[in-house]
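Please read the structure below before turning to the comments.
The values are calculated or read from the model by the stated rules, or taken from the named source; none is laboratory data. Just so it is clear, the structure is predicted and the values come from calculations on it, not from any experiment. Neighbour counts are summed over all protein chains in view; Cβ atoms, including those assigned to glycine, are modelled from backbone coordinates with ideal geometry.
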Amino acid sequence: MPIFWTGHLDGSRIGPTICVRASGSMDRIRLLLIDDHVLFRESLGRLFASESDLEVVGQCARTSETLAILQQSTVDVMLLDFNLGTERGTDLIAAARQAGYTGKILMVTAAMDAEESLLALQLGASGVFLKHNSPGTLTKAIHLVAGGEAWLDRRIVQLMAERIPPEREESFGAPLTEREEQVLQGILEGGTNRKIAEQIGVSEGAVKAAIQQLFRKTGVRTRSQLVRAALEGRLTRQQ
């Protein structure tokens, strides 16, 4: 069973979202809004106009329109709805990546199920933001994703934990030690190295060493990638 299935996923511990810190910052974030509801797109445009470090370079509702904009404009973060009428956001991600887009992608959607969310992450999305959250929270999520971090709504994590078939365990990678499980759980809860160390009663150096082991076992280099690896089921518990 994947490690994140065994954690405490109640809101009192994790809160409304899971944010994973990583290094990196940007001065002005160029956004592309992709949603088949014009009113929603225009509302976001007005919201971002009040943010000095956010710039909307385009709005559209279809894959073909997205690819045309990407050819003409530099986009740092793509805000993408999953349900685009006759199209799906995951298909758009695949097309954009194939066309050479290397920027960030944040799913901004009313709902996605576990498999859809997992597929979006596998295709290169940096996270899933649910539309029931506040505008201010969306702005925060954009800044985090633009800086190389992951944004995962707690409800999405719960869905993935509940619905991903346990038989997928057969394809998972190297098992974790007890300490690595504890450190990974702390990362999933958004904890800093110091906070995780205090929670499990070890030094920060021991936490850093465990993180490096987690990186090695999953073949990743950042915490954001580690979270994605956990959600994709590339980690198993020590037997």
### Message
Can you find a residue that is among the small types (G, A, S) and either in a strand (DSSP E or B) or not assigned by TED's automatic domain parsing to the domain that holds I142 (or both) anywhere in region 88-105?
### Response
no
### Where a residue in region 133-148 is within 21 Å of V220 (Cβ to Cβ) and part of a helix (DSSP H, G or I) and its partner, wherever it lies, is acidic (D, E) and modelled with pLDDT under 95, with Cβ under 8 Å and at least six apart
none
### Task
Go through region 191-212 residue by residue and tally those that are closer than 20 Å to Q225 by Cα, among the polar types (S, T, N, Q) and more than 22 Å from the chain's Cα centre (by Cα).
0
### Task
All but one of (1) modelled with pLDDT of 80 or more; (2) surrounded by 19 or more Cβ atoms within 10 Å (Cβ to Cβ); (3) in a helix (DSSP H, G or I) hold for R179, so report the exception by its number.
(2)
### The lone exception for R194 - which of (1) closer than 28 Å to A111 by Cβ; (2) assigned to a helix (DSSP H, G or I); (3) at pLDDT 85 or above it fails
(1)
### Query
Hey, S64 hits all of (1) among the polar types (S, T, N, Q); (2) part of a strand (DSSP E or B); (3) surrounded by fewer than 13 Cβ atoms within 10 Å (Cβ to Cβ) but one; which does it fall short on?
(2)
### Query
Does G85 fit the bill of being on the phi > 0 side of the Ramachandran plot and either at pLDDT 95 or above or loosely packed, with under 13 Cβ neighbours inside 10 Å (or both)?
yes
## Note on the structure
Result of the Cβ filter at 7 Å on region 207-229, keeping first residues that are farther than 22 Å from G147 by Cα and partners that are modelled with pLDDT of 90 or more and among the small types (G, A, S), at least 6 apart or interchain, is V207/A197
### Query
Quick one: T74 ticks every box in (1) touching a residue at least 12 places away in the same chain (Cβ under 8 Å); (2) surrounded by fewer than 16 Cβ atoms within 10 Å (Cβ to Cβ); (3) of a type in the set (S, T, N, Q); (4) part of a helix (DSSP H, G or I) bar one, so which box is it?
(4)
### Task
Give region 49-79 a look and list any residue that's within 16 Å of D36 (Cα to Cα) and among the hydroxyl-bearing types (S, T, Y), or say none.
T63, S64, T66
### Query
Which one is modelled with the lowest pLDDT among residues in region 11-47 that are in a helix (DSSP H, G or I) and polar (S, T, N, Q)?
S12
### Query
For region 120-140, which residues satisfy the criterion of being at pLDDT below 90, more than 22 Å from L54 (Cβ to Cβ) and crowded, with 16+ Cβ neighbours inside 10 Å?
L121
